[in-house]
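Structure record follows, encoded as structure tokens.
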Amino acid sequence: MSRATELIVDIETLTDGFLLRPHGDVDMARSPAFRAKLTEALKNVPARLVVDLALVPYMDSCGLATLIEALQITRAQKIKFIVCNLSARVRSVFELSRLTTVLTVVDNHEQALLA
Amino acid sequence: MKSDLPAPHLETCILSRPELLAPVRAMLEELAARIGFDETACGHLALAIDEALTNIIRHGYNNNPDQHIWISAWELSDPTGLRIQIDDLAPQVEVSQLKGRDLDDIRPGGLGVHLIHSLMDLVQFSKRPGGGMRLIVEKYQPAKITSPL
């Protein structure tokens, strides 16, 4: 996998689930790697899955589609799915796509653990 | 790729590979910044072009990585802004089919065209006479307010 398609994702274990922190742009090239990490975390059917986007400066509709897929799985499996730490740029894409109306989006890591 | 317009300020051709989206975004964002767009507008422009290229790679070329996409950009003076033309040689589709999904229908996919329309001031899809599709988008800078004094 080349650096252009590779996506580093830190995975932190929480008391009731996992926190994923991707590093870098999430676009068509990197969304398959993002999807693979989300799928891996969801295999364990945690009570909570947090995606921290603090280190994601850019996300396009492929990244959004990956989050929507995860949302559908978490809804079916009754997993709390929370997205936090959106940059202004990423937040604007969420808002244009109305994703803020269906996803639980909070400001920071601490709020995500309480949501 | 020939056009009826004067020579573009920037013209490039890329292969239909997702890993080339990031350098194209960076190039167009830098061009927009040098023309005078603010950071938000530069980001919107880069996202709109990214979405257009993603659609061509995925739907037009069916993820074949060895097809060509031509990107041309013109600085506009009246109104001040940027015009970007994207040409491909993908199978032609009816322009009426190129529309985004209903945003209330939350599902993966179908957001790209909606985002392009939301982010750009002019969006024009057409069939290229020589085959393939053409997208022309324009983004204008807000008019400068000058003091009457």
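Values in this text are rule-based calculations from the coordinates and carry no lab data. Note that the coordinates shown come from a computational prediction; the quantities given were computed from them, not determined experimentally. Using ideal geometry, Cβ is built from the backbone for each residue, glycine included, and neighbour counts are taken over all protein chains shown.
See the values below:
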| item | result |
| --- | --- |
| Förster-model FRET efficiency, 30 Å R0, A:Glu12 and B:Ser126, C-beta, rounded to 0.05 | 0.05 |
| Within 10 Å of each Cβ in A:57-68, the average number of Cβ atoms from other chains | 5 |
| Rg/Rh (Cα only; Kirkwood hydrodynamic radius) as it applies to region A:53-115 | 0.94 |
| Pair-distance profile P(r), taking every C-alpha pair of region B:56-134, with 5 angstrom steps and integer % | 3, 12, 20, 23, 21, 13, 6, 2 |
| Rg/Rh ratio calculated on Cα atoms of the protein assembly as shown (Kirkwood radius) | 1.00 |
| Averaged over B:15-21, number of beta-carbon atoms from partner chains that fall within 10 Å | 5 |
| Span per principal axis, largest first, for the Cα atoms of chain A (Å) | 33, 30, 24 |
| Scattering curve values for region B:7-85, log₁₀ I(q)/I(0), Debye with Cα scatterers, q = 0.14, 0.18 Å⁻¹ | -0.45, -0.71 |
| Diffusion constant of chain B at 4 °C, which comes from Stokes-Einstein with the Kirkwood Cα-pair radius and 1.567 mPa s, µm²/s | 81 µm²/s |
| Segments A:11-19, B:64-72 sorted - mean Cβ within 10 Å per residue, highest first | B:64-72, A:11-19 |
